[in-house]
Amino acid sequence: AQSVTQLDSQVPVFEEAPVELRCNYSSSVSVYLFWYVQYPNQGLQLLLKYLSGSTLVESINGFEAEFNKSQTSFHLRKPSVHISDTAEYFCAVSESWFGNEKLTFGTGTRLTIIP
Amino acid sequence: DTGVSQDPRHKITKRGQNVTFRCDPISEHNRLYWYRQTLGQGPEFLTYFQNEAQLEKSRLLSDRFSAERPKGSFSTLEIQRTEQGDSAMYLCASRDKGLAGGSSYNEQFFGPGTRLTVL
């Protein structure tokens with residue numbers, strides 16, 4: 001069965017500082033990995049995803065995540081955060097076998113940017 | 001508007017009452033999902049449809065919960081005899097069929113959710 005662990009429930013970071021949000025997953029088969037972001041009072045939005053190929057994936061707003069199979073991790077990073085990055089970030093996994101449609105989410109990390 | 005829509009956005013009800021939520025997916029998305037998110041937790045999968053067929057149900061979906069997608073377009077989620085433990089955000093998502101390994105595979109688009117409060 002697939003599962004996701006986000007160890008950090010809250011991460012405060014000063015504006016323009018780098019940040020890393022950690023995500024570890026568990027699965028006995030190949031997986032697809034996702035980061036979703038939830039801004040205050042808004043729905044979940046896909047930030048970036050790993051399906052196959054290059055293990056480093058990037059979003060349009062400067063975030064990147066690297067799939068590390070040996071460490072079963074998919075940490076999210078940004079070299080310099082902005083106030084507008086304040087949001088809750090969810091890591092999600094889906095086993096890549098045919099017919100599996102279920103996304104399993106972590107408990108989320110609340111990123112707070114300090115001016 | 002081309003996004004997933006949900007109605008109502010908020011629902012307050014008394015314990016024991018029945019409630020029904022509606023989800024309109026993105027046009028031509030043949031897969032539709034329901035998730036539940038409680039405070040401090042990530043979304044938890046409840047069920048999903050491919051067209052009008054309900055293909056998977058989580059053990060979280062007790063006998064009091066029923067979901068339908070009669071014409072393969074919008075979906076409804078009904079909770080009968082609500083309990084205080086049902087208080088949560090109910091999220092709907094949809095996606096197109098894509099191709100396995102293709103760029104759209106399993107990218108689910110989420111609606112804004114319906115927040116249920118059971119008093």
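None of the figures in this text is laboratory data; all of them are computed from the coordinates on show. Quantities reported herein were computed from a predicted structural model and do not represent experimental measurements. Glycine also receives a Cβ, built like all others from the backbone with ideal geometry; neighbour counts cover every protein chain displayed.
Over the protein assembly as shown, the pair-distance histogram of Cα-Cα distances with 5 Å bins from zero comes to 1, 7, 14, 18, 19, 16, 13, 7, 4, 1, 0 percent, rounded to whole numbers. Nearest 5 percent is fine: what portion of the DSSP beta bridges confined to chain A is antiparallel? Bridges in chain A are about 85 percent antiparallel.
What residues of segment A:77-101 lie in the reach of a label at A:VAL11, counting those whose backbone N is under 17 Å from a point 7 Å from the Cα along Cα→Cβ? Within reach of a label on A:VAL11, which here means backbone N under 17 Å from a point 7 Å along Cα→Cβ, segment A:77-101 contributes A:77-93.
Counting beta carbons within 10 Å around each of A:THR72, B:THR2, B:THR117 and listing the fewest first gives the order B:THR2, B:THR117, A:THR72. Which residue, B:LYS97, B:LYS11, B:LYS71, tops the fluctuation ranking in a GNM of chain B built on C-alpha contacts under 10 Å? Its mean-square fluctuation being the largest, the pick is B:LYS71.
Once C-alpha pairs closer than 8 Å and six or more residues apart are averaged by separation and normalised to the residue number of segment A:42-115, the relative contact order reads 20 percent. Ignoring lysines fewer than eight residues from A:LYS69 along the same chain, the ones with Cα atoms less than 19 angstrom from its Cα are A:LYS49. Remind me, relative contact order of segment B:1-115 in percent, using alpha carbon pairs under 8 angstrom and six or more residues apart? Relative contact order of segment B:1-115: 34 percent. Overall, the anisotropy analysis places chain A in the prolate class: the square-rooted eigenvalues a ≥ b ≥ c of its C-alpha gyration tensor yield a/c not less than 1.5, with a/b exceeding b/c.
The modelled label-to-label distance for the pair A:SER59/B:ILE12, using points 7 Å beyond Cα in the direction of Cβ, is 3.3 nm.
Distance distribution P(r), chain B, all Cα-Cα pairs, bin width 5 angstrom from 0: 2, 12, 22, 25, 19, 11, 5, 2, 1, 0 percent.
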